[in-house]
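Below: the structure, in structure tokens.
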Amino acid sequence: MTDSAATKAAKGKVCERVKNGLKPERNGLVKSLHERQPKHHCHHEEEEDHTASHHGSLYNRPYIESFEETPMLVAVLTYMGYGILTIFGYLRDYLRHWKIERCHLAREKEEQKDFVPLYQDFENFYTRNLYMRIRDNWNRPICSVPGAKMDLMERVSHDYNWTFEYTGRVVQDVINLGSYNYLGFAENTGPCAESAAEVTMKYGVGVASTRQEIGNLDKHEEMEKLLAKFLGVESAMAFGMGFATNSMNIPALAGKGCLILSDELNHASLVLGARLSGSTIRVFKHNNMQSLEKLLREAIVHGQPRTHRPWKKILIVVEGIYSMEGSIVRLPEVIALKKRYRAYLYLDEAHCIGALGPRGRGVVDYFGLDASDVDVMMGTFTKSFGAAGGYIAGKRELIEYLRSHSHSAVYATSMSPPVVEQIITSMKCIMGDDGTTIGRERVRQLAENTVYFRKKLREMGFIIYGNNDSPVVPMMLYMPAKIGAFAREMLKRNIGVVVVGFPATPIIESRARFCISAAHTKDMLDKALSVISEVGDLLQLKYSRHRKQPALLRPYDNDVYEDIDD
């Protein structure tokens, strides 16, 4: 899944961090960050287990991630499964063409045949013959708060999942393992809900204007000041939509003549923002510091294509927690590389703000780093805070620039007052400014639940991806038929899960993605684990070919220090 390996602490003094301004700066220094070290080969045939040394100067804690290799037989059977589905799909298309089979088709009406088609041929084919078979596992309407438990509306389909009818029955008390409710603040009782209700009565729900006109409330100012204090930066600004925070602000920070170095597994919002910027984009292997450094070297040495002029700006774009892999960015190493080559760093903390670190302040807090070393800090309020929207934080001049140059800031309607109050109240709770220890206890409970859940799944024999401390837990399903079967069998047992397949993942790496919450009790987790084990036996999902030994006992591979040879 990834070629990344832990990189040892860089030796030698790194260059001073460049000033985070708006003016393009030249990127210098070609010297390698890594010193060449003697090789000590340590092969793991079945599993890539990456452990960063906690004896070096970059890491202050163990960094442990595992990505067990797909068993060969499973990979072959998965490809065969997709192949059989494709063959039968074409056979059904042939029968439809000759009116032998009659069913609904995802294609334009006959009178629209002379127009440019809305669907590409393969999209049409994939939708009709593959996606529709398991479409019932997505877009399920819930009719309750998405807390540790939720209520689902029951629905049935009589036309192969093209349309659904609601039976009127509600499936109650479904254990929710799919929502991003990391700290349990998505709730309709308690101080957050009460404060939001009070603010609604005072301010109403809508603002009906942009921040630059008459939509700038005192609550917006209060939230942004509190956010800057929470993150430990000079200034911050909020936006009404998390996706647009990335897609609309990256074009304001980079443009023609700039280079964006993007992790290959970055979120679609980051990819879209990079493309809209008009910058040159180069992709490095997931969490692989050698791949990133190689691109940085080449960028410094060769400059821009054809002209070979220095890049106006080099922007490294990474995420804190990768939402499909459950992996955590190697931030200490990224910062060291960024300083060495005088690049800028854009960090998306959507899934880790509130969910990582002893104080719940994200991946920077998790590694004990200085927030000023990250030039652009981005995050969302949709997950740990139980609200909506996103933010950009950093130096004051950066934020002032974005207030007047970001499309998302200039043209978007202001955030709803009750949403802002939800953010303020939950953030104060995490910080302890509400006079209680509830926030701290939730952060600790989330960490304990995450470690416990991951450990139990591995002991059962499932293949689990990601970092030991990541509350995003991908469990591999692989085969296309098992995507729908797993979600249906889990729901029959009152467990709600999210399943993901191609094209959202590589074709042989379909998976279930669990999101752990501080609101989950041990009894809930134990029940969920028992059901997962039962369904795993039923569907033969326990692919791991060995029981995982304690990760701290695994040998450390020094091979990662070797420079990349062209």
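Numbers for the structure displayed
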item	result
Residue check, V451 open to solvent by 50 Å² or more (accessible area, probe 1.4 Å) and aliphatic (A, V, I, L, M)	yes
Residue ID - farthest from A238 (Cα to Cα), chosen from residues in the stretch 366-408 that are open to solvent by less than 40 Å² (accessible area, probe 1.4 Å) and among the β-branched types (V, I, T)	V374
Qualifying residues in the stretch 212-228 (those that are of a type in the set (D, E, K, R) and more than 18 Å from H407 (Cβ to Cβ)) - the one surrounded by the fewest Cβ atoms within 10 Å (Cβ to Cβ)	D218
Residue that is most open to solvent (accessible area, probe 1.4 Å) [pool: residues in the stretch 134-162 that are closer than 13 Å to N176 by Cα and assigned to a strand (DSSP E or B)]	K149
Qualifying position, being aliphatic (A, V, I, L, M) and touching a Gly at 6+ places or on another chain (Cβ under 9 Å), among V170, V174, V156, V199	V174
Any hit, the stretch 173-195, residues being open to solvent by less than 40 Å² (accessible area, probe 1.4 Å), touching a residue at least 60 places away in the same chain (Cβ under 8 Å) and closer than 30 Å to S404 by Cα	no
Filter result (aliphatic (A, V, I, L, M) and surrounded by fewer than 21 Cβ atoms within 10 Å (Cβ to Cβ)) within the stretch 272-287	L272, L276, I281, V283
Within the stretch 59-84, tally of residues that are in a loop (DSSP other than H, G, I, E, B) and farther than 16 Å from K542 by Cβ	4
Test: A236 is open to solvent by less than 60 Å² (accessible area, probe 1.4 Å) and not in a loop (DSSP other than H, G, I, E, B)	yes
Cross-chain or 6+ apart pairs with Cβ under 7 Å, the stretch 342-370 first and at positive phi, then aromatic (F, W, Y) and assigned to a loop (DSSP other than H, G, I, E, B)	G354/Y182; G354/F385
Strands (runs of 3 or more DSSP E) fully within the stretch 263-373 counting 2 or more residues that are over 30 Å from M476 (Cβ atoms)	313-319, 344-348
Residue, nearest to L331 (Cα to Cα), within the stretch 241-285, restricted to residues that are without any contact (Cβ under 8 Å) to a residue 40 or more places away in the chain and among the charged types (D, E, K, R)	E264
Within the stretch 454-482, tally of residues that are open to solvent by less than 10 Å² (accessible area, probe 1.4 Å) and among the basic types (K, R)	1
Tabulated pairs, the stretch 84-101, first farther than 13 Å from R128 by Cα, second not in a helix (DSSP H, G or I), C-beta under 6 angstrom, 6+ apart or interchain	L95/E101
For D433: the one exception among (1) within 29 Å of L152 (Cβ to Cβ); (2) assigned to a loop (DSSP other than H, G, I, E, B)	(1)
Of all residues making up the stretch 58-80, the number that are touching a residue at least 12 places away in the same chain (Cβ under 8 Å) and either open to solvent by 20 Å² or more (accessible area, probe 1.4 Å) or within 30 Å of P358 (Cα to Cα) (or both)	15
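Yes/no matrix, rows are residues, columns are (1) closer than 30 Å to T425 by Cβ; (2) over 19 Å from the mean Cα position of the chain (by Cα):
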residue	(1), (2)
L231	yes, yes
M237	yes, yes
F243	yes, no
P251	no, yes
K256	no, yes
S262	no, no
H267	yes, no
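The values are calculated or read from the model by the stated rules, or taken from the named source; none is laboratory data. Computed from a prediction, not measured in an experiment: that's the story for all the values here. Methodologically, a virtual Cβ is constructed for each residue, glycine included, from the backbone with ideal geometry; neighbour enumeration extends over all protein chains shown. Note: areas computed on protein heavy atoms with side chains; ligands, DNA, RNA excluded. Shrake-Rupley method; radii C 1.70, N 1.55, O 1.52, S 1.80 Å.
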